[in-house]
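The values are calculated or read from the model by the stated rules, or taken from the named source; none is laboratory data. Remember, predicted model here, so these are calculated numbers, not experimental data. Because the Cβ atoms are built from the backbone with ideal geometry, glycine has one as well, and the counts that use them run over all protein chains shown. Areas reflect the complete protein model, heavy atoms only, side chains present, ligands, DNA and RNA absent. Shrake-Rupley method; radii C 1.70, N 1.55, O 1.52, S 1.80 Å.
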Amino acid sequence: MIRLAGSGGVTLAADEAGERGRPGVLLLHGGGQTRYSWGRAVRALADDGFHAVTVDLRGHGDSDWAPGGDYALDSLAADVVALAATFPAPPALVGASLGGLSALLAAGETPGTARALVLVDVVPRVEPEGANEIRDFMTGAPNGFATLDEAAEAVARYLPHRPRPKDTNGLAKNLRLGADGRYRWHWDPAMMQSRKGEVRSDEHTDRLKAAARAITIPTLLIRGGKSRVVSLEGAAELRELIPHSEYVNIDEADHMVAGDANDAFNTPLIDFLERSR
């Protein structure tokens, strides 16, 4: 693990693979996840000649919790700009869900931040039903879980299309063990209050659309074919906002594309990044 400076004095935890100085790729996970959510993608990128860095967003994993509970999209995007500046040259940004919104805003409002942009199942106008499902899951166990198995059951109910893992040790990376002996998700509960209503705000959506219109770098949208967060209409709208963008639909994946179909995700991702070096 390495430590990188975000914005406003927040320090962010990250892992890296591949030699520094190679074309950089910064991977930004979704809300409630951690830097471990990318499966084999980080190693695959390193093996293909990239310097891949996967980071815990502020308030997630091993990163600092934000002073005053500041998890507004402005601050998350400022973190992305600060992180991108640590690379010798502008990196490609790969962002899923909340990480994707942060990357879109950073790239669209701060030219020169990135050389390419990959949005993983996220667009400016997400579907309210799918967004509500995510919020309900993230807030559904305020008192945590007695065991890892109990947490695994909660995940299985939320993601019924995924086989329930026999080994729950991997799940432990997304949980923290409290002094009371209970496991809680590895993110700051204040985040949900800080971002309350932001997704439903027309002003928020309009700003993201404006950022998308300003994008001139190579851009790829990877959508999960079973997603309830990004509709086909939402994907089409993004392509109108960024006419030069490319689009891949992974039929077997839901919103968490990299976790649902890692190999199917890695192939178009690496192909696009190789063409955007």
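Remark: region 124-277 carries 53 Å² of accessible area per residue (probe radius 1.4 Å; ligands, DNA and RNA excluded).
Comparing Ala179, Leu208, Met192 along the charge dipole axis of region 156-225, the residue lying farthest to the positive side is Ala179, per the Cβ-charge model. Hey, in the GNM for the chain with a 10 angstrom Cα cutoff, which one of Gly95, Gly32, Gly170 fluctuates hardest? Comparing Gly95, Gly32, Gly170 in a Gaussian network model of the chain, the most mobile one is Gly170. Normalised by residue count, region 106-245 yields a Cα convex hull volume of 140 Å³ per residue.
Taking the charge dipole of region 27-164 about its Cα centre, with +1 at Lys and Arg Cβ atoms and -1 at Asp and Glu Cβ atoms, the residue from Ala146, Ala46, Gly95 reaching farthest to the positive side is Ala46.
Here is how the number arises for the chain: DSSP H runs of 4 or more residues each give -39500 (n - 2.57), the sum is divided by the residue count, and the result at 222 nm is -10500 deg cm²/dmol. A Gaussian network model of the chain, with springs between Cα atoms under 10 Å, assigns the largest mean-square fluctuation among Asp251, Asp74, Asp180 to Asp180.
Say R0 is 35 Å: what FRET efficiency, to the nearest 0.05, do His161 and Ala72 get from their beta-carbon distance? It comes out at approximately 0.60.
Each Lys or Arg adds one and each Asp or Glu takes one away; over the other residues whose Cβ falls under 12 Å from the Cβ of Leu273, this sums to 0. Using a simple spin-label model with pseudo-atoms 7 Å out from Cα toward Cβ, Asp47 and Glu109 lie 3.8 nm apart.
If R0 is taken as 35 Å, the Cβ-Cβ distance between Glu153 and Glu127 corresponds to a FRET efficiency of 0.85. For the chain, the relative contact order works out to 20 percent when only alpha carbon pairs closer than 8 Å and six or more residues apart are counted. Relative contact order for region 26-101: what is it in percent, counting Cα pairs under 8 Å that are at least 6 residues apart? Once normalised by length, the contact order is 45 percent. The antiparallel fraction among DSSP beta bridges confined to the chain stands at about 35%. When only alpha carbons are used to place a centre, region 198-254 and region 142-178 end up 30 Å from one another. Other residues lying with their Cβ under 10 Å from the Cβ of Ile2 contribute a combined charge of -1, Lys and Arg counting +1, Asp and Glu -1.
In the neighborhood of Gly18, defined by Cβ-to-Cβ distances under 12 Å, what is the net charge if each Lys or Arg adds +1 and each Asp or Glu adds -1? Here the charged neighbours net out to -2.
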